[in-house]
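Single-structure report; data block below.
The values are calculated or read from the model by the stated rules, or taken from the named source; none is laboratory data. In this text the structure is predicted, and so the values were computed from the model without any measurement. Heads up, the Cβs are rebuilt from the backbone with ideal geometry, glycines too, and the neighbour counts pull from every protein chain shown.
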Number of protein chains: 2
Amino acid sequence: MSRMIGIQEVDDIALGAAVLGTGGGGDPYIGKLMAQQSIREHGPVELVSVDEVPDDEWSVSIAMMGAPTVMVEKMPGGDECVQAFNAVQSYLGKPIKYIYSIEAGGINSTIPITLAARLRMPLIDLDGMGRAFPEIQMVTHNLFGITATPFTMADEKGNSAVLATIDNRWMETFARSIAVNMGATAHIACYASSGAQQKEAAVHGTMSLAETIGKAIREARAAHTNPIEAIQRVTNGFVIFHGKLTDVQRRTVAGFARGEALLEGIGADAGSIMKIQFQNENLMAEKDGTIIASVPDLITMVEEDTGEPITTEQLRYGFRVMVLGMPCHRHWRTEAALKVVGPRYFGYETDYVPVEQRFS
Amino acid sequence: MSRMIGIQEVDDIALGAAVLGTGGGGDPYIGKLMAQQSIREHGPVELVSVDEVPDDEWSVSIAMMGAPTVMVEKMPGGDECVQAFNAVQSYLGKPIKYIYSIEAGGINSTIPITLAARLRMPLIDLDGMGRAFPEIQMVTHNLFGITATPFTMADEKGNSAVLATIDNRWMETFARSIAVNMGATAHIACYASSGAQQKEAAVHGTMSLAETIGKAIREARAAHTNPIEAIQRVTNGFVIFHGKLTDVQRRTVAGFARGEALLEGIGADAGSIMKIQFQNENLMAEKDGTIIASVPDLITMVEEDTGEPITTEQLRYGFRVMVLGMPCHRHWRTEAALKVVGPRYFGYETDYVPVEQRFS
């Protein structure tokens, strides 16, 4: 059933998507303000379930790509999104009637809302990851043979590119270098998909899930109950560490924010150390030298009292956090999918073990 | 007056263009074979003078971009050119009726002939440099405000890109990184221009000049007269050094072949040393530590007996060469043009002095 997304829903979606964003996906605050402003100007956005999308109608994802560390410095306008959208439509030569979000994460969950409001188009309740990932080919659509081509890019200066590649890994290579040249961040439109393709390949219900998470946190805060327990209930997640941030190494290289965070255990984890490595998103969590959670499962740090998710670019010495481990979508757990997003792709010589096997 | 370009004309054009190519523009041998094969298959190509092109008819340049050191390893097919051409036409939304060469230089003088034969389109007797230069914005059209957009690229694997930028220096940045990702070399189409624009902005008669140079060398060889004197007569050039190659430093970096060649003087230059620095093309010639020729004037090494031009990737220890300095086109000698192609752009803290002022 379709329903309308207004100011309050955007608040909840932005908050919940940042939990799913595993530290990446850009700053949720900027994205939220943009989406709410667009809704004030153009009215609420219709959110439709994938079942309501006819098999032969087309949708496209709209996002920002690049280093989140830089995105916070470059407050995005809205015209670049429209330009990227129009370029895909023009390349395809057929009308696109729906917008969708490529990933759950701060800015990339709300930019599609911004564009849907401006173009008065419905948003589909799904995404391409069920979380955030750093690279272009790390989209469930890719696992089902859907091409990212035409991949369109635009920057705030007025430069643009339309890329067509023989596979989605090549797209990552080409688009990343353009994004770096666009100033480490770019507006993109990609993975145009038919309704039939969305039914098979997407992660369904992600926008609603984000909203449910955000609402659960908000209500727990209002009721003075534990917001982190509220997140766990909705995501089937586990608290895998409780600690204080003692060191953050972060560098913007090759269009990514890469680095690691060190946490000193408190409470039940006193005496232990956790190391979290990230590439835009949190990839690996090691406790006292042993991996206890890894991609493609979700690893998110939330502030211990408020449950506020912390993005990799917000990490600061002294933060007291709970580290959550949450199971990823089943699409990511096949052997083929693990080649695309498993620990070994990111250079870690270890096998993936589902988080619930370690913590149930 | 239009005339037909056949097998013999391609021989002469390829040879003469390599003299104008100042060491760059790719291997003339591969380009010649490709163009001659296309002419055998599709018939001769019509060469028209710019005056014969209606003001409102469109033309586009076709070329290869990247490091010539890599081009020789990747024998180009012809389909990538056609793809790049079609992409420009599709972006512009109007028919393109003429092909032209963006630069004089081995492969980039003959690739347009190959495509013109395949598409049965006329080639215009002009180019965008009157020589070869390494970067996208170093085209006389750029000096007259003509945009390289839409700039289309294709590789032999099937990847492609369409770039639109706010100026032609940005295009160099974007296109170079894509070319690097395409394997250090790419097929491009760019600088679509109307007949009126070509009349104002291009270097006219370049294809004929190349042919005249090539023919002069060929006839001198046949008559056992001096082919280097024949080149000088046609180009108003000077022999600025006579020497033997003693060292070549060459590295493929950032999509360019960069390096320097050292020559030990022989004959009248015995006891002297010449250093020639290049970035795909020869940029600066220093004799005993003093600059005696520089961009934008042409610096070309030719084999001392045959007058055969030597590209930067062919340079080998022991070659005995004459170094020629030839005046560039007047478009390159304005203050604005020297900012684009003068010594200081390439990082040399020296002013440009026209070669004829030093040697007349």
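Among the residues of the stretch B:120-131, those identified as among the hydrophobic types (A, V, I, L, M, F, W, C) and in contact with a helix residue (DSSP H, G or I) (Cβ under 7 Å, 6 or more places away or on another chain) are B:Leu123, B:Ile124, B:Leu126, B:Met129.
Yes or no, residue by residue, for (1) buried (at least 24 other Cβ atoms within 10 Å of the Cβ); (2) of a type in the set (Gly, Ala, Ser); (3) more than 19 Å from the chain's Cα centre (by Cα):
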site	(1), (2), (3)
A:Ala223	no, yes, yes
A:Leu245	no, no, yes
A:Arg258	no, no, no
A:Leu263	yes, no, yes
A:Gly267	no, yes, yes
A:Gln314	no, no, no
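When residues in the stretch A:5-58 are screened for being among the hydrophobic types (A, V, I, L, M, F, W, C), in contact with a helix residue (DSSP H, G or I) (Cβ under 9 Å, 6 or more places away or on another chain) and in a strand (DSSP E or B), 4 of them pass.
Quick grid of which residues meet (1) loosely packed, with under 15 Cβ neighbours inside 10 Å; (2) in the same structural domain as B:Tyr29 (by TED's automatic domain parsing); (3) in a loop (DSSP other than H, G, I, E, B); (4) among the polar types (S, T, N, Q):
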residue: B:Gly271; (1), (2), (3), (4): yes, no, yes, no
residue: B:Ile276; (1), (2), (3), (4): no, no, no, no
residue: B:Leu283; (1), (2), (3), (4): no, no, no, no
residue: B:Thr300; (1), (2), (3), (4): no, no, no, yes
residue: B:Asp305; (1), (2), (3), (4): yes, no, yes, no
residue: B:Gly318; (1), (2), (3), (4): yes, no, yes, no
residue: B:Trp332; (1), (2), (3), (4): no, no, no, no
residue: B:Tyr352; (1), (2), (3), (4): no, no, yes, no
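Yes/no per residue for (1) touching a Pro at 6+ places or on another chain (Cβ under 9 Å); (2) assigned by TED's automatic domain parsing to the domain that holds B:Tyr191; (3) under 18 Å from B:Ile188 (Cα atoms):
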site	(1), (2), (3)
B:Leu33	no, yes, no
B:Ser38	no, yes, no
B:Met65	no, yes, yes
B:Phe85	no, yes, yes
B:Val88	yes, yes, yes
B:Lys97	yes, yes, yes
B:Pro112	no, yes, yes
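Taking every residue in the stretch A:268-289 that is closer than 22 Å to A:Leu20 by Cβ and pairing it with any residue that is of a type in the set (S, T, N, Q) and assigned to a loop (DSSP other than H, G, I, E, B), at least 6 positions away or on another chain, the pairs with Cβ-Cβ distances below 6 Å are A:Glu281/A:Thr22; A:Asn282/A:Thr22. Is at least one residue of the stretch B:64-87 in a strand (DSSP E or B), closer than 17 Å to B:Gly24 by Cβ and modelled with pLDDT of 95 or more? No, the stretch B:64-87 contains no residue that is in a strand (DSSP E or B), closer than 17 Å to B:Gly24 by Cβ and modelled with pLDDT of 95 or more. When B:Ser61 is tested against (1) of a type in the set (Ser, Thr, Tyr); (2) out of contact with any Pro (no Cβ under 9 Å at 6 or more places or on another chain); (3) part of a strand (DSSP E or B), exactly one condition is not met: (2).
Apart from one condition, B:Ala254 fits all of (1) at pLDDT 95 or above; (2) surrounded by fewer than 24 Cβ atoms within 10 Å (Cβ to Cβ); the exception is (1). Filter the stretch B:26-40 down to residues that are touching a strand residue (DSSP E or B) at 6+ places or on another chain (Cβ under 9 Å) and surrounded by fewer than 24 Cβ atoms within 10 Å (Cβ to Cβ), then give me how many there are. Going through the stretch B:26-40 one residue at a time, the tally reaches 2.
Against the condition modelled with pLDDT under 95, crowded, with 24+ Cβ neighbours inside 10 Å and under 30 Å from A:Leu163 (Cβ atoms), how does B:Ala186 come out, does it pass? Answer is yes for this residue. Please state which one of A:Val60, A:Val88, A:Val82 is more than 26 Å from A:Ile213 (Cα to Cα) and in contact with a Cys (Cβ under 8 Å, 6 or more places away or on another chain). On inspection, the qualifying residue turns out to be A:Val88.
Only one of the listed residues (A:Gly23, A:Gly43) is surrounded by fewer than 21 Cβ atoms within 10 Å (Cβ to Cβ) and either at pLDDT 90 or above or not assigned by TED's automatic domain parsing to the domain that holds A:Pro95 (or both). That residue is A:Gly43.
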